[in-house]
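The values are calculated or read from the model by the stated rules, or taken from the named source; none is laboratory data. Model, not experiment: these values are computed from the prediction. We place every Cβ from the backbone using ideal geometry, glycine too, and count neighbours over all the protein chains shown. Surface accessibility is based on the protein's heavy atoms, side chains included, excluding ligands, DNA and RNA. Shrake-Rupley method; radii C 1.70, N 1.55, O 1.52, S 1.80 Å.
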Amino acid sequence: MGENRAAATSEPIMPQKKYIVALSPEERETLERLTTTGKTSAYKLNHARILLKADINQQGGGWRDQAISEALDISVSTIERVRQRLVEAGLDAALSRRIPSRTKPRLLDGEQEAHLIALACGETPQGQAKWTVRLLAERLVELKYVESISHETVR
């Protein structure tokens, strides 16, 4: 009966990690070399240290994310992202910065932007002390440089 109570009061069972770091000996050697020699950017060193500590193939197994976070002073979410990138995209991706996946296309091309700058630097409309972004947007449409444009784009 005593055994059952002990099991019931022990620590809660943590969910299994989705992204397990299991480094090959070659990968581990590469990361150890990276962290001990040469000049490397801080984020890359941090990512290498995260992977070394999280590796389940090391003696004693991998560290928990919270322990890595406390040891390296890095957020748990960063540790989780580095683990995920290693599993999904490989070692090089885990060591590099993430490239933004979505970039907005430019709403004005170089020629349209040049017209906008020329307008803004030119004479103000009659009765106005200065150009506003709304006035500039309206004038670009009036002069048919663009079909339509938001004043926020002009900003």
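Using a 1.4 Å probe and ignoring any ligands, DNA or RNA, find the accessible area of ASP73 and quote it in Å² to the nearest 10.
Accessible area, nearest 10 Å²: 140 Å².
By how many degrees, 0 to 90 and rounded to 10, does the Cα axis of helix 76-89 deviate from the longest principal axis of the chain?
90
Of the peptides 31-43, 56-68, 120-132, how do they stack up when ordered by the mean number of other Cβ atoms within 10 Å, highest first?
56-68, 31-43, 120-132
Ignoring ligands, DNA and RNA, what percent of the 1.4 Å accessible area of the chain is carbon and sulfur?
Carbon plus sulfur share of accessible area: 51 percent.
Do the sum for the chain: with -39,500 (n - 2.57) for every DSSP H run of n ≥ 4, divided by all residues, what is the mean residue ellipticity at 222 nm, to the nearest 500 deg cm²/dmol?
It lands at -16000 deg cm²/dmol.
For the chain, what does the accessible surface come to per residue with a 1.4 Å probe? Please give it in Å².
74
Could you state the angle between the C-alpha long axis of helix 133-142 and the longest principal axis of the C-alpha atoms of the chain, as a value from 0 to 90 degrees rounded to the nearest 10?
Rounded to the nearest ten degrees, it is 60.
Give me the angle, in degrees from 0 to 90, between the Cα long axis of helix 42-54 and the longest principal axis of the Cα atoms of the chain, rounded to the nearest 10.
30
Could you tally the net charge around LEU108, taking each other residue with its Cβ under 13 Å from the Cβ of LEU108, Lys/Arg +1 and Asp/Glu -1?
-2
Among (1) 65, 32, 30; (2) 90, 48, 25; (3) 51, 48, 30, only one was calculated for this model; which label is it, if the read-out is Cα extents along the principal axes in Å?
Recomputing Cα extents along the principal axes in Å here picks out (2).
For labels at SER150 and GLU111 in the simple 7 Å Cα→Cβ model, what's the distance in nm?
Placing both labels 7 Å along Cα→Cβ, they lie 2.5 nm apart.
Could you report the accessible area of GLU70 in Å², rounded to 10, computed with a 1.4 Å probe on the protein chains as they sit in the structure?
Accessible surface of GLU70 is approximately 130 Å².
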